[in-house]
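The values are calculated or read from the model by the stated rules, or taken from the named source; none is laboratory data. Remember, it's a predicted structure, so these values are computed and weren't measured experimentally. FYI the Cβ positions are ideal-geometry reconstructions off the backbone, even for glycines, and counts take in every protein chain you see.
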């Protein structure tokens with residue numbers, strides 16, 4: 001302090017000026033800070049005013065973004081469209097990287113989430129996760145099914161109203177004196193043949209599809225299958241051969257019989273290997289053995305000559321007998 005009084009007069013003035021300036025600056029900062037604090041406390045912001053004036057909107061704003069804990073991690077919940085949400089948004093919602101990849105692959109292949117329930121099919125998504133995310137799933141209008149459009153709904157409503165109007169008009173007509181009950185015309189026996197009764201039979205040896213359809217349980221499909229298999233065989237010789245048709249309805253068997261059978265014969269001495277194996281009862285190995293026998297031992301005169309071959313046991317020879325010649 002003594003040194004201060006020994007300074008020159010000009011130096012003392014400069015030091016006093018700087019000290020005064022510093023004091024003024026401190027006072028200004030103090031008063032400005034108090035003024036801002038008073039303003040902040042006395043004047044509520046616009047968000048608070050809006051919340052007080054319109055509490056419904058305030059609730060909606062709070063609902064738009066929520067925070068929750070999932071497996072100990074903090075996640076952010078907000079409205080999202082699974083058809084357009086990016087990986088960053090999906091990650092904030094708590095979805096695992098492999099789940100996000102599944103969503104991207106599904107969308108890349110043209111997949112569309114049309115309802116929140118579609119999103120529930122996401123691989124690895126647990127029930128807890130879905131229940132948490134379901135209130136925030138918002139499907140964009142472009143991805144909603146077309147039948148939800150107002151124009152489509154109006155069309156369906158008009159169609160139902162028209163159908164109801166026609167029904168009411170018909171009921172009114174039935175109640176009137178001019179109503180004439182509908183009489184059923186003669187039955188179309190070509191499209192809907194009359195079925196035969198128990199005890200009646202259809203001859204497999206000569207029946208065509210129209211006749212076969214008269215058997216209970218036999219429609220157009222089975223009738224064609226019976227005719228086609230008969231052609232492959234060369235003709236039916238027993239009713240039991242129908243069971244060789246895959247999944248044939250066995251309850252229809254009692255309505256068939258075979259009378260006056262006539263079969264097409266296979267010449268075992270002249271047909272080639274490929275021609276022989278076309279028959280349902282001759283496979284590739286059997287045809288190969290027949291051709292080899294002809295080549296090494298000469299022409300066949302009887303099926304009994306094949307009895308020593310492993311593919312020709314007695315039951316096979318008996319089954320082939322009606323269809324071969326020499």
task = Collect the residues in region 238-286 that are under 41 Å from the mean Cα position of the chain (by Cα), over 19 Å from residue 319 (Cα atoms) and part of a loop (DSSP other than H, G, I, E, B), keeping them in residue-number order.
result = 247, 248, 249
remark   = Only unsatisfied item for residue 272, checking (1) touching a helix residue (DSSP H, G or I) at 6+ places or on another chain (Cβ under 8 Å); (2) closer than 18 Å to residue 222 by Cα; (3) loosely packed, with under 13 Cβ neighbours inside 10 Å, is (2)
query = How about region 309-326: which of its residues are without any contact (Cβ under 8 Å) to a residue 60 or more places away in the chain, in a helix (DSSP H, G or I), out of contact with any helix residue (DSSP H, G or I) (no Cβ under 7 Å at 6 or more places or on another chain) and surrounded by 11 or more Cβ atoms within 10 Å (Cβ to Cβ)?
reply = 316, 319
inquiry  = With the structure loaded, tell me whether residue 296 is in contact with a strand residue (DSSP E or B) (Cβ under 9 Å, 6 or more places away or on another chain) and either more than 23 Å from residue 235 (Cβ to Cβ) or exposed (fewer than 14 other Cβ atoms within 10 Å of the Cβ) (or both) or whether it fails that test.
reply    = no
task = Please indicate, with yes or no, whether at least one residue in region 294-308 is in contact with a helix residue (DSSP H, G or I) (Cβ under 6 Å, 6 or more places away or on another chain) and either under 30 Å from residue 195 (Cβ atoms) or part of a loop (DSSP other than H, G, I, E, B) (or both).
result = no
message = It is to be established whether one or more residues within region 136-157 are surrounded by 12 or more Cβ atoms within 10 Å (Cβ to Cβ), part of a helix (DSSP H, G or I) and at pLDDT 90 or above.
response = yes
query = In region 204-256, which residue that is in contact (Cβ under 8 Å) with a residue 40 or more places away in the chain and exposed (fewer than 15 other Cβ atoms within 10 Å of the Cβ) is nearest to residue 281 (Cα to Cα)?
reply = 232
query = Quick one: would you say residue 95 is modelled with pLDDT of 80 or more, in contact with a helix residue (DSSP H, G or I) (Cβ under 7 Å, 6 or more places away or on another chain) and surrounded by 12 or more Cβ atoms within 10 Å (Cβ to Cβ)?
reply = no
